[in-house]
Every structure is written in structure tokens, then in C-alpha cells.
Amino acid sequence: MQIGRERVGGIEVLGQRLIFMLGSVLVFAFALVPSAALFGLAFFLAKVLVGMIAAVPLAAVAAAIVLAAEAALAIWWMGRLFERFDLSAESAS
């Protein structure tokens, strides 16, 4: 995020943006591992039990539930961190 009208440029900013992008991709890939594992397991089980056509939506729902649970856990965890650093809760002494 840029504040003001100044355009920050140069090789330093390019490097920082590349490192931030790489970190974001790694965190995203790490978050997808449990969801992808459950998708594969649910897909193969559902393919055997109910057929190929129903297997994809069922596995996708299972993967979406895992992603939603991860997001809820992350929001809960970040909320606890922000509560701990709440400046308005500090005493005025």
C-alpha cells in the first residue's frame, strides 16, 4: 500500500515485492495441503460408492468445509492476537 502521491521505485522495492509474493504463495500452498488431501480421499471414496458424476461435487464440498474451517481458525487466532495488543484497554496511569 502506498501512502501519498510519491511513487516508490527501485530495485529494493522490487525485491521486497517479490519476497512478499513468494511468502504469500507459500502460505497459500500450505493452507491448501489439508484441503487437497481430503478432496482426494473423498473423491476416491465417493467415486467407488456413488459414481464419478457425484464424486466431484461431494469432494469439492468436503474441501470447501476444510478451507472454511481453516479460515475461521485463522480469524479466531488473529482476533485473540489483536485483543492482546489493544491500546484502548490500557490504563491511563
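The values are calculated or read from the model by the stated rules, or taken from the named source; none is laboratory data. Since the structure is predicted, the reported quantities are computational estimates derived from the model, not experimental observations. Neighbour counts are summed over all protein chains in view; Cβ atoms, including those assigned to glycine, are modelled from backbone coordinates with ideal geometry.
Some observations on this one:
- Listed conditions (1) at pLDDT below 95; (2) part of a helix (DSSP H, G or I) are all met by S91, apart from (2).
One line per residue, one yes/no per condition, for (1) on the phi > 0 side of the Ramachandran plot; (2) among the acidic types (D, E); (3) at pLDDT below 85:
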| site | (1), (2), (3) |
| --- | --- |
| R5 | no, no, yes |
| G9 | no, no, yes |
| E12 | no, yes, yes |
| I19 | no, no, no |
| L26 | no, no, no |
| G40 | no, no, no |
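- Qualifying positions in the range 16-42 - small (G, A, S) and more than 10 Å from the chain's Cα centre (by Cα): G23, S35, A36, A37, G40, A42
- Checked against (1) surrounded by 10 or more Cβ atoms within 10 Å (Cβ to Cβ); (2) on the phi > 0 side of the Ramachandran plot; (3) not charged (D, E, K, R), S35 passes all but a single condition, namely (2).
- When residues of the range 42-57 are limited to those that are surrounded by fewer than 17 Cβ atoms within 10 Å (Cβ to Cβ) and aliphatic (A, V, I, L, M), the one nearest to L32 (Cα to Cα): V56
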